Amino acid sequence: MANVTEIAPDIFRLSAFNPQANFQFNSFLVRDEEPLLYHTNLRGFFDEIREAAASVLDPSTIRWVGFSHFEADECATLNDWLALAPQAQAVCSFVGARTSVGDFAIRPPRVLDEDERIETGSHRFRVIETKHVPHGWDASLLFDEATRTLFCSDLFGHNGDVEPLYEGDIIARTDAYNSAQKEGPMSHSVPWTRETGPILERLAGLGPETLACMHGSSYAGAAPEALRAFGDMLERLYGGN
């Protein structure tokens, strides 16, 4: 079973580790009146993540399934979760729905427009459109205004079977991983464009306190400063390319 850790009030990190890739693949489950799952994870981890979710709540009661962009570790098992939870519905941005989710999902997604929220009980979520941050045109991130948790997908990704929640220098870890990958096949995984800095500044302006990261440790600390430093790192690595 995947490792389960509460990283913020009623927000649980479900972490599966791939030793061959030396990489963690994390899903996040929010326990509330209308439970929410963020990242469905890879098909090969479906049973692990489902069992981990079942240690927190009945997976069939999940109401919302979110993710950043259309990619296997983000949403490969979306329809498996929708089949498991009869009331569940994907939640995404307009571009996400138009380019992929509206056709792929077995039920129509809930599209959140800018500044629109869904309340799941004690939590209140916004979809923040972040085109090409971390990846494609359909990218968005999810922000819980109640706990000030930013579900930031592949931002701050780093390798290793690391601790669930980190309070140290998250940029050093991220920089080490990205610098090592700069010339390899996984380089430029988060592109640098003239829009990247303003998007990261907007995320910093939300005032997050916890960063729920897809790959590697989640982070609790000076999250706005970390987001700005992450932008500085990308510009240094890729801004001239």
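The values are calculated or read from the model by the stated rules, or taken from the named source; none is laboratory data. Source: prediction; values computed, not measured. So basically every Cβ, Gly included, is an ideal-geometry build from the backbone, and we count neighbours across all protein chains shown.
Have a look at LEU155, LEU142 and point out the one that is part of a loop (DSSP other than H, G, I, E, B) and either of a type in the set (A, V, I, L, M, F, W, C) or surrounded by fewer than 23 Cβ atoms within 10 Å (Cβ to Cβ) (or both).
LEU155
Out of all the residues in the stretch 194-241, which are under 20 Å from ILE11 (Cβ atoms) and in a loop (DSSP other than H, G, I, E, B)?
LEU206, GLY207, PRO208, GLU209, MET214, HIS215, GLY216, SER217, GLY221, ALA222
Go through LEU112, LEU14 for me and flag whichever is of a type in the set (A, V, I, L, M), within 18 Å of MET214 (Cα to Cα) and touching a strand residue (DSSP E or B) at 6+ places or on another chain (Cβ under 6 Å).
That would be LEU14, the only listed residue that is of a type in the set (A, V, I, L, M), within 18 Å of MET214 (Cα to Cα) and touching a strand residue (DSSP E or B) at 6+ places or on another chain (Cβ under 6 Å).
Which of the residues belonging to the stretch 98-120 are more than 12 Å from TRP64 (Cα to Cα), basic (Lys, Arg) and within 19 Å of the chain's Cα centre (by Cα)?
Answer for the stretch 98-120, where residues must be more than 12 Å from TRP64 (Cα to Cα), basic (Lys, Arg) and within 19 Å of the chain's Cα centre (by Cα): just ARG117.
Hey, any hits in the stretch 208-219 for a residue that's more than 26 Å from GLY96 (Cβ to Cβ) and either modelled with pLDDT of 95 or more or not small (Gly, Ala, Ser) (or both)?
Yes.
Mind checking which residues of the stretch 216-233 are crowded, with 22+ Cβ neighbours inside 10 Å and either out of contact with any Leu (no Cβ under 8 Å at 6 or more places or on another chain) or aromatic (Phe, Trp, Tyr) (or both)?
The answer is GLY216, TYR219, PHE230.
Inspect the stretch 110-133 for any residue being at pLDDT below 95 and small (Gly, Ala, Ser) and give the result as yes or no.
Scanning the stretch 110-133 turns up no residue that is at pLDDT below 95 and small (Gly, Ala, Ser).
If you check THR196, THR130, THR210, which single one turns out to be of a type in the set (Ser, Thr, Tyr), crowded, with 20+ Cβ neighbours inside 10 Å and over 14 Å from the mean Cα position of the chain (by Cα)?
THR196
Are there any pairs with C-beta distances below 7 angstrom linking a residue in the stretch 137-166 that is in contact (Cβ under 8 Å) with a residue 40 or more places away in the chain to a residue that is among the acidic types (Asp, Glu) and part of a loop (DSSP other than H, G, I, E, B), with the two at least 6 apart or on different chains, and if so which?
If the second residue must be among the acidic types (Asp, Glu) and part of a loop (DSSP other than H, G, I, E, B), the pairs left are ARG148/GLU209.
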